[in-house]
1. Among the candidates B:ILE64, B:ILE24, which residue alone is more than 7 Å from every other protein chain (Cβ to nearest Cβ), open to solvent by 30 Å² or more (accessible area, probe 1.4 Å) and either aliphatic (A, V, I, L, M) or closer than 18 Å to A:ILE50 by Cβ (or both)?
2. Considering only the stretch A:77-87, I want to know if a residue exists there that is more than 8 Å from chain B (Cβ to nearest Cβ) and either hydroxyl-bearing (Ser, Thr, Tyr) or not in a helix (DSSP H, G or I) (or both).
3. Evaluate the following for A:VAL53: is it of a type in the set (A, V, I, L, M) and touching a Leu at 6+ places or on another chain (Cβ under 6 Å)?
4. Filtering the stretch B:5-21 down to residues that are modelled with pLDDT of 50 or more and more than 7 Å from chain A (Cβ to nearest Cβ), which residue is surrounded by the fewest Cβ atoms within 10 Å (Cβ to Cβ)?
5. Just checking, how many residues over the stretch A:212-259 are part of a helix (DSSP H, G or I) and open to solvent by 40 Å² or more (accessible area, probe 1.4 Å)?
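The values are calculated or read from the model by the stated rules, or taken from the named source; none is laboratory data. On a predicted model such as this, the values are computed, not experimentally measured, just so you know. With ideal geometry, Cβ positions are generated from the backbone for all residues, glycine too; neighbour counts draw on all protein chains shown. Heavy atoms of the whole protein, side chains included, go into the accessibility calculation; ligands, DNA and RNA do not. Shrake-Rupley method; radii C 1.70, N 1.55, O 1.52, S 1.80 Å.
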Amino acid sequence: MSLGLLAAAGGEEGFTAPGSPDFWQPLFGTSGALAVTRPAIVLVISAVIIMVVLSVATRRLSIVPGKGQMLTEATYGLVRNSIARDIIGSKDFLRFVPLLFSCFTLILLNNLFGIIPFFQYPTMARIAFPLVLALVIFVVYHYLGIKRRGLGGYLGSLLPPGLPGWIKPLVFVLELITYFITRPVTLALRLFGNMFAGHLLLLLFITGGEYMLLHSGSLGLQIFSIPTFGMGVVMTVFELLVEFLQAYIFTLLAALYIAGSLADEH
Amino acid sequence: MQLAAPVFAAAAEETTPGDPMYPILPHLGELIFGIVVFAALYLFVAKRIVPRLEAMYAERRAAIEGNVEKAERAQAEAAAALDEYKAQLAEARTEANRIREEARQQGAAIVVELREQAQAESDRITTAARQQIEAERTQATAQLRQEVGRLATDLASRIVGESLQDSARQSGVVDRFLADLERDEAQGVSTR
(Lines give C-alpha, C1' and ligand atoms only; values in the text may rest on other atoms or scores of the structure.)
Protein backbone atom coordinates (compact mmCIF):
# COMPACT_ATOMS: atom_id res chain seq x y z
CA MET A 1 0.00 0.00 0.00
CA SER A 2 2.69 2.42 0.98
CA LEU A 3 4.54 1.28 -2.09
CA GLY A 4 1.75 2.48 -4.29
CA LEU A 5 1.88 5.75 -2.45
CA LEU A 6 5.59 5.96 -3.02
CA ALA A 7 5.15 5.18 -6.67
CA ALA A 8 2.60 7.93 -6.96
CA ALA A 9 4.86 10.38 -5.20
CA GLY A 10 7.88 9.47 -7.32
CA GLY A 11 8.95 10.78 -10.69
CA GLU A 12 7.81 9.52 -14.07
CA GLU A 13 9.28 6.02 -13.61
CA GLY A 14 7.82 5.40 -10.16
CA PHE A 15 9.02 2.87 -7.66
CA THR A 16 8.90 -0.80 -8.56
CA ALA A 17 8.37 -2.96 -5.51
CA PRO A 18 10.73 -5.93 -5.22
CA GLY A 19 9.11 -9.27 -5.89
CA SER A 20 9.80 -12.83 -6.81
CA PRO A 21 11.35 -11.89 -10.20
CA ASP A 22 14.24 -10.37 -8.27
CA PHE A 23 15.20 -13.86 -7.25
CA TRP A 24 15.45 -15.10 -10.84
CA GLN A 25 19.02 -14.37 -11.82
CA PRO A 26 20.28 -16.62 -14.60
CA LEU A 27 23.99 -16.27 -15.27
CA PHE A 28 24.90 -18.73 -18.03
CA GLY A 29 22.72 -20.51 -20.51
CA THR A 30 19.43 -19.01 -21.49
CA SER A 31 17.71 -22.26 -22.17
CA GLY A 32 15.49 -21.57 -19.23
CA ALA A 33 14.88 -24.74 -17.30
CA LEU A 34 18.56 -25.67 -17.28
CA ALA A 35 20.03 -22.18 -16.96
CA VAL A 36 22.82 -21.85 -14.44
CA THR A 37 21.51 -19.34 -11.98
CA ARG A 38 23.16 -17.14 -9.42
CA PRO A 39 21.88 -19.14 -6.43
CA ALA A 40 23.21 -22.32 -8.02
CA ILE A 41 26.65 -20.74 -8.25
CA VAL A 42 26.34 -19.42 -4.70
CA LEU A 43 25.42 -22.92 -3.54
CA VAL A 44 28.49 -24.38 -5.22
CA ILE A 45 30.71 -21.69 -3.71
CA SER A 46 29.20 -22.31 -0.28
CA ALA A 47 29.83 -26.06 -0.52
CA VAL A 48 33.42 -25.44 -1.61
CA ILE A 49 33.93 -22.99 1.26
CA ILE A 50 32.52 -25.50 3.76
CA MET A 51 34.73 -28.28 2.45
CA VAL A 52 37.88 -26.17 2.44
CA VAL A 53 37.24 -24.64 5.86
CA LEU A 54 36.40 -27.96 7.47
CA SER A 55 39.28 -29.64 5.74
CA VAL A 56 41.76 -27.07 6.98
CA ALA A 57 40.21 -26.84 10.45
CA THR A 58 40.36 -30.60 10.99
CA ARG A 59 43.79 -31.17 9.48
CA ARG A 60 45.63 -31.02 12.76
CA LEU A 61 43.16 -31.75 15.49
CA SER A 62 44.53 -31.71 18.97
CA ILE A 63 43.02 -32.96 22.17
CA VAL A 64 43.36 -29.50 23.66
CA PRO A 65 41.67 -27.35 21.00
CA GLY A 66 43.02 -24.08 19.65
CA LYS A 67 40.89 -21.12 18.69
CA GLY A 68 40.07 -22.29 15.17
CA GLN A 69 39.38 -25.81 16.26
CA MET A 70 37.16 -24.52 19.06
CA LEU A 71 34.82 -22.89 16.52
CA THR A 72 34.68 -26.00 14.36
CA GLU A 73 34.09 -28.13 17.41
CA ALA A 74 31.37 -25.82 18.68
CA THR A 75 29.50 -26.13 15.39
CA TYR A 76 30.09 -29.83 15.10
CA GLY A 77 29.29 -30.37 18.77
CA LEU A 78 26.01 -28.50 18.41
CA VAL A 79 24.88 -30.86 15.67
CA ARG A 80 26.49 -33.97 17.09
CA ASN A 81 25.64 -33.65 20.76
CA SER A 82 22.79 -31.18 21.12
CA ILE A 83 20.83 -32.37 18.12
CA ALA A 84 21.85 -35.86 16.99
CA ARG A 85 22.77 -37.50 20.28
CA ASP A 86 20.06 -35.93 22.40
CA ILE A 87 17.28 -36.67 19.94
CA ILE A 88 18.27 -39.86 18.16
CA GLY A 89 19.86 -41.38 21.26
CA SER A 90 23.40 -42.40 21.95
CA LYS A 91 23.00 -45.87 20.43
CA ASP A 92 23.14 -45.13 16.72
CA PHE A 93 23.18 -41.40 16.28
CA LEU A 94 26.67 -41.40 14.81
CA ARG A 95 25.40 -42.80 11.50
CA PHE A 96 23.35 -39.66 10.98
CA VAL A 97 25.82 -37.07 12.12
CA PRO A 98 27.31 -36.59 8.62
CA LEU A 99 23.87 -36.04 7.13
CA LEU A 100 22.75 -33.63 9.81
CA PHE A 101 26.07 -31.82 9.86
CA SER A 102 26.04 -31.39 6.07
CA CYS A 103 22.49 -30.07 6.22
CA PHE A 104 23.25 -27.69 9.04
CA THR A 105 26.44 -26.20 7.60
CA LEU A 106 25.04 -25.92 4.08
CA ILE A 107 21.84 -24.24 5.22
CA LEU A 108 23.60 -21.99 7.71
CA LEU A 109 26.23 -20.72 5.29
CA ASN A 110 23.74 -20.23 2.47
CA ASN A 111 21.39 -18.39 4.80
CA LEU A 112 24.23 -16.20 6.02
CA PHE A 113 25.05 -15.42 2.41
CA GLY A 114 21.81 -13.45 2.46
CA ILE A 115 23.54 -10.68 4.39
CA ILE A 116 27.20 -11.26 3.52
CA PRO A 117 28.30 -8.55 1.06
CA PHE A 118 28.90 -9.61 -2.58
CA PHE A 119 26.91 -12.80 -2.14
CA GLN A 120 23.82 -11.20 -0.64
CA TYR A 121 21.60 -13.92 -1.89
CA PRO A 122 19.97 -16.40 0.45
CA THR A 123 20.16 -19.50 -1.67
CA MET A 124 17.38 -21.16 0.29
CA ALA A 125 15.00 -18.48 -0.97
CA ARG A 126 14.85 -20.59 -4.13
CA ILE A 127 12.47 -23.45 -3.37
CA ALA A 128 14.56 -25.97 -5.30
CA PHE A 129 17.30 -26.12 -2.66
CA PRO A 130 15.20 -26.52 0.49
CA LEU A 131 13.18 -29.04 -1.50
CA VAL A 132 16.27 -31.13 -2.23
CA LEU A 133 17.24 -31.18 1.42
CA ALA A 134 13.71 -31.95 2.56
CA LEU A 135 13.47 -34.76 0.03
CA VAL A 136 16.72 -36.25 1.27
CA ILE A 137 15.39 -36.25 4.83
CA PHE A 138 12.06 -37.59 3.59
CA VAL A 139 13.71 -40.49 1.80
CA VAL A 140 16.03 -41.22 4.73
CA TYR A 141 13.39 -41.44 7.40
CA HIS A 142 10.99 -43.48 5.33
CA TYR A 143 13.80 -45.77 4.25
CA LEU A 144 14.82 -46.30 7.88
CA GLY A 145 11.26 -47.03 8.92
CA ILE A 146 10.57 -49.48 6.11
CA LYS A 147 13.91 -51.21 6.53
CA ARG A 148 13.18 -51.67 10.21
CA ARG A 149 9.62 -53.01 10.01
CA GLY A 150 8.90 -53.77 6.38
CA LEU A 151 6.43 -51.70 4.41
CA GLY A 152 3.30 -53.06 6.10
CA GLY A 153 4.79 -52.90 9.56
CA TYR A 154 5.99 -49.37 8.94
CA LEU A 155 2.59 -48.18 7.78
CA GLY A 156 1.00 -49.95 10.72
CA SER A 157 3.41 -48.29 13.11
CA LEU A 158 2.19 -44.88 11.98
CA LEU A 159 -0.99 -45.54 13.91
CA PRO A 160 -0.69 -44.69 17.61
CA PRO A 161 -1.49 -47.73 19.79
CA GLY A 162 -4.51 -47.91 22.05
CA LEU A 163 -7.06 -46.23 19.79
CA PRO A 164 -10.69 -47.37 19.59
CA GLY A 165 -11.39 -49.28 16.39
CA TRP A 166 -13.79 -46.88 14.74
CA ILE A 167 -11.34 -43.96 14.81
CA LYS A 168 -8.40 -45.93 13.43
CA PRO A 169 -9.00 -45.34 9.70
CA LEU A 170 -9.41 -41.61 10.23
CA VAL A 171 -6.24 -41.29 12.30
CA PHE A 172 -4.40 -43.49 9.83
CA VAL A 173 -5.26 -41.15 6.97
CA LEU A 174 -4.20 -38.16 9.06
CA GLU A 175 -0.91 -39.80 9.99
CA LEU A 176 -0.30 -40.79 6.40
CA ILE A 177 -0.80 -37.20 5.32
CA THR A 178 1.48 -36.01 8.12
CA TYR A 179 4.27 -38.41 7.26
CA PHE A 180 4.13 -38.25 3.49
CA ILE A 181 2.97 -34.74 2.74
CA THR A 182 2.96 -32.36 5.67
CA ARG A 183 6.41 -33.14 6.99
CA PRO A 184 8.46 -32.75 3.80
CA VAL A 185 6.40 -29.85 2.55
CA THR A 186 6.59 -27.90 5.79
CA LEU A 187 10.27 -28.74 6.17
CA ALA A 188 11.00 -27.24 2.76
CA LEU A 189 8.50 -24.42 2.89
CA ARG A 190 9.46 -23.22 6.34
CA LEU A 191 13.05 -22.69 5.30
CA PHE A 192 12.14 -21.31 1.90
CA GLY A 193 9.47 -18.97 3.22
CA ASN A 194 11.61 -17.50 5.94
CA MET A 195 14.50 -16.82 3.63
CA PHE A 196 12.34 -15.57 0.81
CA ALA A 197 10.25 -13.22 2.94
CA GLY A 198 13.23 -12.01 4.93
CA HIS A 199 15.21 -11.16 1.85
CA LEU A 200 12.23 -9.52 0.24
CA LEU A 201 11.88 -7.33 3.31
CA LEU A 202 15.52 -6.32 3.14
CA LEU A 203 15.15 -5.57 -0.57
CA LEU A 204 12.11 -3.49 0.12
CA PHE A 205 13.72 -1.36 2.80
CA ILE A 206 16.99 -0.88 0.99
CA THR A 207 15.76 -0.32 -2.57
CA GLY A 208 12.88 1.73 -1.19
CA GLY A 209 15.27 3.87 0.83
CA GLU A 210 17.51 4.27 -2.17
CA TYR A 211 14.60 5.31 -4.35
CA MET A 212 13.41 7.86 -1.81
CA LEU A 213 16.87 9.31 -1.37
CA LEU A 214 18.04 9.47 -4.97
CA HIS A 215 15.08 9.36 -7.30
CA SER A 216 12.07 10.74 -5.52
CA GLY A 217 13.06 14.42 -5.82
CA SER A 218 11.04 15.22 -2.74
CA LEU A 219 12.72 16.52 0.41
CA GLY A 220 10.19 14.87 2.70
CA LEU A 221 10.84 11.46 1.20
CA GLN A 222 14.58 12.04 1.24
CA ILE A 223 14.41 12.69 4.98
CA PHE A 224 12.12 9.72 5.41
CA SER A 225 14.70 7.53 3.67
CA ILE A 226 16.89 7.69 6.82
CA PRO A 227 14.54 5.63 9.06
CA THR A 228 13.94 3.37 6.08
CA PHE A 229 17.64 2.58 5.86
CA GLY A 230 17.62 2.26 9.65
CA MET A 231 14.94 -0.39 9.38
CA GLY A 232 17.06 -2.06 6.72
CA VAL A 233 19.89 -2.34 9.24
CA VAL A 234 17.59 -3.57 11.98
CA MET A 235 16.08 -6.18 9.66
CA THR A 236 19.57 -7.29 8.65
CA VAL A 237 20.38 -8.04 12.26
CA PHE A 238 17.04 -9.76 12.64
CA GLU A 239 17.75 -11.79 9.52
CA LEU A 240 21.00 -12.97 11.08
CA LEU A 241 18.98 -14.46 13.90
CA VAL A 242 16.41 -15.98 11.57
CA GLU A 243 19.10 -17.45 9.32
CA PHE A 244 20.74 -19.26 12.20
CA LEU A 245 17.43 -20.29 13.69
CA GLN A 246 16.14 -21.78 10.44
CA ALA A 247 19.30 -23.82 9.93
CA TYR A 248 18.94 -25.10 13.48
CA ILE A 249 15.23 -25.87 13.17
CA PHE A 250 15.68 -27.72 9.90
CA THR A 251 18.39 -29.91 11.40
CA LEU A 252 16.44 -30.42 14.60
CA LEU A 253 13.32 -31.54 12.76
CA ALA A 254 15.34 -33.81 10.49
CA ALA A 255 16.79 -35.46 13.58
CA LEU A 256 13.32 -35.75 15.11
CA TYR A 257 11.91 -37.47 12.03
CA ILE A 258 14.84 -39.87 11.88
CA ALA A 259 14.48 -40.59 15.59
CA GLY A 260 10.77 -41.26 15.05
CA SER A 261 11.54 -43.92 12.46
CA LEU A 262 14.09 -45.58 14.72
CA ALA A 263 12.02 -45.51 17.88
CA ASP A 264 10.37 -48.71 19.05
CA GLU A 265 7.03 -47.19 19.84
CA HIS A 266 5.22 -44.51 18.00
CA MET B 1 -3.06 -20.91 -9.32
CA GLN B 2 -5.35 -19.07 -11.61
CA LEU B 3 -6.14 -16.69 -8.82
CA ALA B 4 -2.51 -16.06 -8.11
CA ALA B 5 -1.52 -15.70 -11.73
CA PRO B 6 -2.43 -12.03 -12.20
CA VAL B 7 -0.38 -11.03 -9.20
CA PHE B 8 2.74 -12.45 -10.75
CA ALA B 9 1.74 -11.75 -14.31
CA ALA B 10 4.14 -8.86 -14.63
CA ALA B 11 6.94 -10.99 -13.29
CA ALA B 12 6.16 -13.84 -15.61
CA GLU B 13 6.30 -11.61 -18.62
CA GLU B 14 9.77 -10.36 -17.79
CA THR B 15 11.38 -13.69 -17.05
CA THR B 16 12.92 -16.18 -19.41
CA PRO B 17 10.73 -19.15 -20.23
CA GLY B 18 12.67 -21.52 -17.99
CA ASP B 19 11.89 -19.66 -14.79
CA PRO B 20 8.88 -21.06 -13.03
CA MET B 21 6.19 -18.50 -12.79
CA TYR B 22 5.74 -18.88 -9.06
CA PRO B 23 8.49 -18.82 -6.49
CA ILE B 24 6.94 -21.92 -4.95
CA LEU B 25 7.78 -24.06 -7.98
CA PRO B 26 11.31 -25.38 -8.24
CA HIS B 27 13.58 -24.54 -11.13
CA LEU B 28 14.90 -27.71 -12.73
CA GLY B 29 18.49 -26.55 -13.11
CA GLU B 30 18.66 -25.49 -9.50
CA LEU B 31 17.11 -28.76 -8.42
CA ILE B 32 19.86 -30.68 -10.18
CA PHE B 33 22.53 -28.38 -8.75
CA GLY B 34 21.08 -28.82 -5.33
CA ILE B 35 21.16 -32.60 -5.50
CA VAL B 36 24.69 -32.75 -6.89
CA VAL B 37 26.14 -30.21 -4.48
CA PHE B 38 24.49 -31.73 -1.46
CA ALA B 39 25.60 -35.22 -2.45
CA ALA B 40 29.18 -33.99 -2.88
CA LEU B 41 29.13 -32.17 0.44
CA TYR B 42 27.60 -35.16 2.22
CA LEU B 43 30.20 -37.55 0.86
CA PHE B 44 33.02 -35.21 1.76
CA VAL B 45 31.74 -34.66 5.28
CA ALA B 46 30.99 -38.34 5.82
CA LYS B 47 34.29 -39.61 4.46
CA ARG B 48 36.74 -37.04 5.71
CA ILE B 49 35.47 -34.54 8.23
CA VAL B 50 33.39 -36.65 10.60
CA PRO B 51 35.95 -39.49 10.86
CA ARG B 52 38.65 -36.97 11.74
CA LEU B 53 36.51 -35.30 14.37
CA GLU B 54 35.31 -38.59 15.80
CA ALA B 55 38.87 -39.89 15.98
CA MET B 56 39.80 -36.77 17.90
CA TYR B 57 36.78 -37.24 20.21
CA ALA B 58 37.79 -40.82 20.90
CA GLU B 59 41.36 -39.74 21.53
CA ARG B 60 40.20 -37.04 23.87
CA ARG B 61 37.95 -39.44 25.75
CA ALA B 62 40.87 -41.84 26.11
CA ALA B 63 43.11 -39.03 27.30
CA ILE B 64 40.55 -37.90 29.84
CA GLU B 65 40.02 -41.43 31.08
CA GLY B 66 43.79 -41.88 31.27
CA ASN B 67 44.07 -38.68 33.23
CA VAL B 68 41.33 -39.76 35.59
CA GLU B 69 43.11 -43.05 36.16
CA LYS B 70 46.39 -41.23 36.74
CA ALA B 71 44.72 -38.88 39.16
CA GLU B 72 43.18 -41.78 41.05
CA ARG B 73 46.54 -43.48 41.28
CA ALA B 74 48.16 -40.29 42.49
CA GLN B 75 45.43 -39.89 45.08
CA ALA B 76 45.93 -43.44 46.33
CA GLU B 77 49.66 -42.84 46.56
CA ALA B 78 49.10 -39.63 48.45
CA ALA B 79 46.76 -41.39 50.88
CA ALA B 80 49.32 -44.13 51.46
CA ALA B 81 52.04 -41.58 52.05
CA LEU B 82 49.81 -39.73 54.48
CA ASP B 83 49.14 -42.91 56.43
CA GLU B 84 52.81 -43.64 56.55
CA TYR B 85 53.61 -40.15 57.77
CA LYS B 86 50.92 -40.41 60.41
CA ALA B 87 52.32 -43.72 61.61
CA GLN B 88 55.81 -42.27 61.70
CA LEU B 89 54.55 -39.23 63.53
CA ALA B 90 52.82 -41.36 66.15
CA GLU B 91 55.95 -43.45 66.54
CA ALA B 92 58.06 -40.33 66.91
CA ARG B 93 55.66 -38.98 69.49
CA THR B 94 55.86 -42.20 71.55
CA GLU B 95 59.61 -42.14 71.26
CA ALA B 96 59.75 -38.53 72.39
CA ASN B 97 57.53 -39.33 75.36
CA ARG B 98 59.69 -42.26 76.30
CA ILE B 99 62.85 -40.16 76.07
CA ARG B 100 61.29 -37.39 78.11
CA GLU B 101 60.25 -39.88 80.77
CA GLU B 102 63.73 -41.35 80.87
CA ALA B 103 65.25 -37.92 81.13
CA ARG B 104 62.98 -37.07 84.00
CA GLN B 105 63.93 -40.24 85.84
CA GLN B 106 67.60 -39.69 85.15
CA GLY B 107 67.31 -36.10 86.29
CA ALA B 108 65.67 -37.16 89.51
CA ALA B 109 68.40 -39.77 90.08
CA ILE B 110 71.09 -37.20 89.40
CA VAL B 111 69.55 -34.77 91.86
CA VAL B 112 69.42 -37.43 94.56
CA GLU B 113 72.99 -38.46 93.88
CA LEU B 114 74.21 -34.88 93.91
CA ARG B 115 72.40 -34.25 97.12
CA GLU B 116 74.06 -37.27 98.71
CA GLN B 117 77.42 -36.17 97.42
CA ALA B 118 76.90 -32.68 98.77
CA GLN B 119 75.84 -34.10 102.09
CA ALA B 120 78.92 -36.30 102.23
CA GLU B 121 81.14 -33.39 101.26
CA SER B 122 79.66 -31.14 103.84
CA ASP B 123 80.04 -33.87 106.47
CA ARG B 124 83.63 -34.32 105.45
CA ILE B 125 84.31 -30.60 105.60
CA THR B 126 82.66 -30.32 108.96
CA THR B 127 84.64 -33.22 110.35
CA ALA B 128 87.88 -31.81 108.99
CA ALA B 129 87.15 -28.40 110.47
CA ARG B 130 86.33 -29.93 113.78
CA GLN B 131 89.54 -31.94 113.79
CA GLN B 132 91.53 -28.89 112.84
CA ILE B 133 89.91 -26.89 115.57
CA GLU B 134 90.68 -29.65 118.04
CA ALA B 135 94.27 -29.78 116.88
CA GLU B 136 94.65 -26.06 117.09
CA ARG B 137 93.14 -26.00 120.49
CA THR B 138 95.50 -28.71 121.68
CA GLN B 139 98.37 -26.78 120.18
CA ALA B 140 97.12 -23.55 121.72
CA THR B 141 96.76 -25.21 125.09
CA ALA B 142 100.26 -26.58 124.89
CA GLN B 143 101.62 -23.23 123.79
CA LEU B 144 99.65 -21.45 126.49
CA ARG B 145 100.91 -23.77 129.10
CA GLN B 146 104.45 -23.19 127.93
CA GLU B 147 103.82 -19.44 127.88
CA VAL B 148 102.27 -19.39 131.28
CA GLY B 149 105.29 -21.29 132.61
CA ARG B 150 107.65 -18.82 131.00
CA LEU B 151 105.60 -15.89 132.27
CA ALA B 152 105.53 -17.36 135.72
CA THR B 153 109.25 -17.85 135.57
CA ASP B 154 109.66 -14.27 134.32
CA LEU B 155 107.47 -12.88 136.94
CA ALA B 156 109.21 -14.86 139.62
CA SER B 157 112.63 -13.75 138.46
CA ARG B 158 111.52 -10.12 138.38
CA ILE B 159 109.94 -10.41 141.73
CA VAL B 160 113.10 -11.94 143.03
CA GLY B 161 115.26 -9.39 141.23
CA GLU B 162 113.50 -6.32 142.64
CA SER B 163 113.53 -5.13 146.21
CA LEU B 164 110.40 -5.83 147.84
CA GLN B 165 110.60 -3.04 150.46
CA ASP B 166 108.45 -0.55 148.93
CA SER B 167 104.91 -1.66 148.53
CA ALA B 168 104.43 1.16 146.04
CA ARG B 169 107.30 -0.10 144.04
CA GLN B 170 105.98 -3.56 144.58
CA SER B 171 102.65 -2.54 143.19
CA GLY B 172 104.49 -0.80 140.33
CA VAL B 173 106.18 -4.03 139.46
CA VAL B 174 102.99 -5.78 139.42
CA ASP B 175 101.46 -3.11 137.25
CA ARG B 176 104.38 -3.25 134.91
CA PHE B 177 104.09 -6.95 134.71
CA LEU B 178 100.47 -6.78 133.93
CA ALA B 179 101.08 -4.12 131.34
CA ASP B 180 103.81 -6.24 129.84
CA LEU B 181 101.52 -9.12 129.92
CA GLU B 182 98.86 -7.18 128.15
CA ARG B 183 101.29 -5.84 125.56
CA ASP B 184 102.63 -9.32 124.94
CA GLU B 185 99.17 -10.54 124.64
CA ALA B 186 98.31 -7.84 122.11
CA GLN B 187 101.49 -8.58 120.18
CA GLY B 188 100.71 -12.26 120.31
CA VAL B 189 97.23 -11.62 118.92
CA SER B 190 98.48 -9.41 116.15
CA THR B 191 101.22 -11.84 115.18
CA ARG B 192 98.84 -14.75 114.98
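1. After applying the criteria, what remains is B:ILE64.
2. Yes.
3. When the stated conditions are applied, A:VAL53 does not pass them.
4. Among those residues, the one meeting the criterion is B:MET21.
5. Here the count works out to 25.
Residues checked against (1) touching a helix residue (DSSP H, G or I) at 6+ places or on another chain (Cβ under 6 Å); (2) within 13 Å of chain B (Cβ to nearest Cβ); (3) part of a loop (DSSP other than H, G, I, E, B):
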{"site": "A:LEU99", "(1), (2), (3)": "no, yes, no"}
{"site": "A:SER102", "(1), (2), (3)": "yes, yes, no"}
{"site": "A:GLN120", "(1), (2), (3)": "no, no, yes"}
{"site": "A:TYR143", "(1), (2), (3)": "no, no, no"}
